[in-house]
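Participant: Sharing a structure below in structure tokens format, with a few things to ask.
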Amino acid sequence: MFTLLRRGLVIAAFIALLASNILTLTWSAATAALSGLLGALGVSTVHAQLETRNRTQARQLAAQKKRLALQQRQLRKVGGNIRARTVKSAAANIGSLPAEAVPLLGWAVVVGVTAYELTLACDNLRDLDSLYRDMGIDPEADREVMDLICNPDLTRDGRLWTGAPERLHRDYGAFQAWSRGQANGEAPP
């Protein structure tokens, strides 16, 4: 009788284990329930470890999505700023062309438009530098290059300014002589 009882328990245990295997492999609720039951008994299960890992990855994914959305907003803002500055620069460049041809005044227009375009270029570089730094893409821009563009020292090369009024007067005189010659039908020098 003891042997019969023992065989019955072995068969019942075998059937119970087989049924639990089938249920846990085919029904996720049974897997979660069995894992919870074993977890309550202090047994670590693969299902519990996977659930923990999934929750951790879900938090990391949410954080990544938040960072991506922030970076996309920053990129749209910087891109819009650069686009607007490029349009302004092109408009200033094209709009200044007739004034650049006027003697003496043309020099002032060229200098003014160049200064304006350098300001726009500097703002573009600053925006890109900030965007790169915020995104962790690239190290900061070379400070020396930024200073050359954003804070040009036009007086450091004395040759540029030495004698400028005399050259302007001479060039304007040459232009006047040429324009008088053109009016008389002479060939340009």
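Quick note: the coordinates plus some simple rules give every number you see, no bench work behind them. Nothing here was measured: the structure is a model prediction, and the numbers come from that model. Cβ placement follows ideal geometry from the backbone for every residue including glycine, while neighbour counts extend to all protein chains displayed.
Participant: Name the residue, out of 114, 56, that is closer than 30 Å to residue 35 by Cβ and β-branched (Val, Ile, Thr). Even if it seems obvious, please write down each step before you answer.
Facilitator: Details: 114 fails: closer than 30 Å to residue 35 by Cβ.
The match here is 56.
Participant: With the structure loaded, tell me whether residue 79 is under 30 Å from residue 125 (Cα atoms), free of Cβ contacts under 8 Å to residues at least 12 places away in the same chain and small (Gly, Ala, Ser) or whether it fails that test.
Facilitator: yes
Participant: Would you mind telling me which numbered condition in (1) closer than 30 Å to residue 126 by Cα; (2) surrounded by fewer than 11 Cβ atoms within 10 Å (Cβ to Cβ); (3) not aromatic (Phe, Trp, Tyr) residue 98 fails?
Facilitator: With (1) closer than 30 Å to residue 126 by Cα; (2) surrounded by fewer than 11 Cβ atoms within 10 Å (Cβ to Cβ); (3) not aromatic (Phe, Trp, Tyr) applied to residue 98, the lone miss is (1).
Conditions tested, residue by residue: (1) surrounded by 11 or more Cβ atoms within 10 Å (Cβ to Cβ); (2) touching a Cys at 6+ places or on another chain (Cβ under 8 Å); (3) aromatic (Phe, Trp, Tyr); (4) in a helix (DSSP H, G or I).
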residue	(1), (2), (3), (4)
66	no, no, no, yes
70	yes, no, no, yes
73	no, no, no, yes
111	yes, no, no, yes
123	yes, no, no, yes
134	yes, no, no, yes
137	no, no, no, no
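Participant: Now, a different point. If only one of 28, 35, 89 is in contact with a Phe, Trp or Tyr (Cβ under 8 Å, 6 or more places away or on another chain) and of a type outside the set (A, V, I, L, M), which one is it? Break it down into steps so the answer makes sense when it comes.
Facilitator: Values: 28 fails: in contact with a Phe, Trp or Tyr (Cβ under 8 Å, 6 or more places away or on another chain); 35 fails: in contact with a Phe, Trp or Tyr (Cβ under 8 Å, 6 or more places away or on another chain).
Just a single option satisfies the conditions, and that option is 89.
Participant: Next up: Collect the residues in the range 37-50 that are assigned to a helix (DSSP H, G or I), surrounded by 10 or more Cβ atoms within 10 Å (Cβ to Cβ) and either among the basic types (Lys, Arg) or without any contact (Cβ under 8 Å) to a residue 12 or more places away in the chain (or both), keeping them in residue-number order. Steps first, please.
Facilitator: Residues of the range 37-50 that are assigned to a helix (DSSP H, G or I), as a first pass: 37-40, 46-50.
Now narrow it down to the ones that are surrounded by 10 or more Cβ atoms within 10 Å (Cβ to Cβ): 37-39, 47-50.
Across the range 37-50, the qualifying residues are 37, 38, 39, 49, 50.
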